[in-house]
Amino acid sequence: MEEIFVPALGMAMDNAMLLEWLKQPGDTVNAGDVVAVIETDKTTLDLPAETSGVLGKHRYAANEEVPAGNTIAVVLAPGEVE
Amino acid sequence: MSNLDKSTALSLLRQMMVIRDFEETADKLCLRGKVPGGMHNSSGQEAVAVGTLSAIAKDDVIATTHRSHHHTLAKGYSAKSVMAELFTKATGISHGRGGSMHLAEVTEGHFGGNGIVGAGVGIAMGAALGIQHIGDKKIAVGFVGDGGMNTGRTWESINMASIWKLPLIILVDNNQYAVETFVGRVTGGGDLAKRASGFGLPAYNIDGQDVLEVRKYVTEARERALAGEGPTFINALTYRYYGHNVGEKGQYRTQEEIAQWRTTQDPIDKFTGVVISSGFATQAEVDELRASVRKEIDEAVAYAESSPEPEIASITQGVDSGKLGVQL
């Protein structure tokens with residue numbers, strides 16, 4: 001199970017805004033697919049999956065603030081449950 | 001290699017494994033926001049650190065760069081004390097004052113990492129001048145990156161070390177990228193050892209992915225320095241696998257280039273081959289060694305997480321000599 005999370009970038013990044021989900025719960029994702037787009041105080045950032053599988057629940061909604069370091073969704077390998 | 005014994009070989013291999021596992025673990029923790037201020041990952045550069053530090057004495061001086069976890073671990077500091085410093089905890093090597101970039105223990109000859117490009121050579125040159133003045137039987141090593149090879153202070157220091165025959169080793173931990181700039185694009189003349197030799201000291205370009213080669217050159221340079229014959233310049237060609245800093249997007253080099261270095265020039269893989277072919281360990285024993293390292297790093301993370309923050313009341317400690325009476 002791969003956790004997709006908001007990376008802590010820079011010296012003092014506290015939160016990011018989750019701008020958009022590009023994959024829905026239950027969607028098949030391939031390694032490298034962008035799952036969500038976030039915005040920090042400096043830039044917008046694509047969050048890709050590093051592994052292939054099925055996307056789990058959205059743990060945050062679009063336009064919601066996410067603390068740096070927090071997981072926004074998981075990618076489930078065959079047989080895994082969230 | 002003929003005089004390499006089993007316990008030394010396994011120690012060199014294990015130290016490189018510790019650095020790799022430490023860095024990859026710390027990198028992930030940094031992305032999760034556990035490492036205040038970020039960090040610079042040295043994965044790929046293990047042989048430069050271990051080859052150098054294994055060839056010098058415990059009380060020799062080192063001064064390093066912004067990327068200094070590998071030098072610090074190779075000097076013999078525990079993964080626990082370095083990880084705790086990354087978490088800025090009181091149990092860290094710098095008592096939680098320094099964080100990733102300022103690992104230091106000056107009383108034991110670790111003159112620290114720092115945030116100034118090329119500063120390590122100047123600091124080590126000063127230490128070498130002090131060593132010569134006092135008449136100690138030790139040396140100083142100044143680590144510098146390829147980026148620091150184009151700073152004036154570095155060459156002023158090399159010149160002074162040369163004319164005064166200081167007991168100094170200039171060790172270029174040349175990972176080929178000054179942040180995003182490829183060394184080949186910014187090196188006039190193209191050959192760093194040739195540039196250094198113009199200052200009148202022995203200068204070598206060596207394979208920084210071969211721990212035994214680094215160890216051999218540093219051993220010889222140390223003997224020269226102790227014999228009063230002056231400094232040596234060693235440019236160790238290496239490669240960093242991750243970005244300049246954690247979380248960097250890294251669009252200045254190709255994934256193919258990184259994969260090429262990882263698969264054909266990896267210092268741990270190369271030396272594992274030497275260890276196995278010399279009969280010092282079987283593949284199964286190497287796997288056991290790796291597992292014991294994994295456990296050690298897990299314990300270091302648990303130690304760092306559970307360690308206390310520095311006490312507010314101790315905030316003036318280390319600010320002065322203790323004689324000025326600085327108070328909150």
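What follows draws every value from the coordinates through simple rules; no lab data is involved. What you are looking at is a predicted structure, and each value in this text was computed from that prediction instead of being measured. We place every Cβ from the backbone using ideal geometry, glycine too, and count neighbours over all the protein chains shown.
The condition of being free of Cβ contacts under 8 Å to residues at least 60 places away in the same chain, part of a loop (DSSP other than H, G, I, E, B) and under 30 Å from B:SER100 (Cα atoms) does not hold for A:GLY79.
Within region A:14-39, being in a loop (DSSP other than H, G, I, E, B), among the aliphatic types (A, V, I, L, M) and in contact with a Ser or Thr (Cβ under 6 Å, 6 or more places away or on another chain) holds for one residue alone: A:ALA31.
Could you check, for region B:37-48, whether at least one of its residues is within 14 Å of chain A (Cβ to nearest Cβ), surrounded by fewer than 24 Cβ atoms within 10 Å (Cβ to Cβ) and more than 16 Å from the chain's Cα centre (by Cα)? Yes, region B:37-48 contains at least one residue that is within 14 Å of chain A (Cβ to nearest Cβ), surrounded by fewer than 24 Cβ atoms within 10 Å (Cβ to Cβ) and more than 16 Å from the chain's Cα centre (by Cα). Return the residues of region B:209-223 that are out of contact with any Lys or Arg (no Cβ under 9 Å at 6 or more places or on another chain) and of a type in the set (Val, Ile, Thr); say none if nothing qualifies. Passing the criteria: B:VAL214, B:VAL218, B:THR219. Exactly one residue out of B:LYS323, B:LYS295 is over 17 Å from B:HIS95 (Cβ atoms), out of contact with any helix residue (DSSP H, G or I) (no Cβ under 8 Å at 6 or more places or on another chain) and not in a helix (DSSP H, G or I): that is B:LYS323.
Looking only at residues in region B:88-140 that are under 30 Å from B:GLU309 (Cβ atoms) and of a type in the set (Val, Ile, Thr), which one is surrounded by the fewest Cβ atoms within 10 Å (Cβ to Cβ)?
First pass over region B:88-140, keeping only residues under 30 Å from B:GLU309 (Cβ atoms): B:88-116, B:119-120, B:123.
Filter once more, so that each one left must be of a type in the set (Val, Ile, Thr): B:88, B:91, B:93, B:106-107, B:116, B:123.
Numbers: B:THR88: 21, B:THR91: 18, B:ILE93: 25, B:VAL106: 12, B:THR107: 6, B:ILE116: 13, B:ILE123: 21.
Among them, the one singled out is B:THR107.
Regarding B:ARG153, is this residue under 30 Å from B:ASN245 (Cα atoms), free of Cβ contacts under 8 Å to residues at least 40 places away in the same chain and in a helix (DSSP H, G or I)? Talk me through it step by step, then tell me what you get.
Working: under 30 Å from B:ASN245 (Cα atoms): yes; free of Cβ contacts under 8 Å to residues at least 40 places away in the same chain: yes; in a helix (DSSP H, G or I): yes.
Here the answer is yes, as B:ARG153 does meet what is asked.
Is it true that B:ALA9 is more than 25 Å from B:GLU299 (Cβ to Cβ) and in contact (Cβ under 8 Å) with a residue 24 or more places away in the chain? No. In the set B:VAL172, B:VAL214, B:VAL186, only one residue is of a type in the set (Val, Ile, Thr) and in contact with a Leu (Cβ under 7 Å, 6 or more places away or on another chain); that residue is B:VAL172. Looking at B:ILE56, B:ILE62, B:ILE93, which is the one that is within 28 Å of B:TYR217 (Cβ to Cβ) and assigned to a strand (DSSP E or B)? The unique qualifying residue is B:ILE62. The set of residues from region A:34-72 being touching a Lys or Arg at 6+ places or on another chain (Cβ under 6 Å) and of a type in the set (Gly, Ala, Ser) comprises just one member, A:GLY69.
Yes/no per residue for (1) within 28 Å of B:ASN245 (Cβ to Cβ); (2) within 11 Å of chain B (Cβ to nearest Cβ):
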{"position": "A:VAL6", "(1), (2)": "yes, yes"}
{"position": "A:LYS23", "(1), (2)": "no, no"}
{"position": "A:ASP27", "(1), (2)": "no, no"}
{"position": "A:ASN30", "(1), (2)": "no, no"}
{"position": "A:ALA49", "(1), (2)": "yes, no"}
{"position": "A:LEU55", "(1), (2)": "no, no"}
{"position": "A:GLU64", "(1), (2)": "yes, no"}
{"position": "A:GLY69", "(1), (2)": "yes, yes"}
{"position": "A:VAL75", "(1), (2)": "yes, no"}
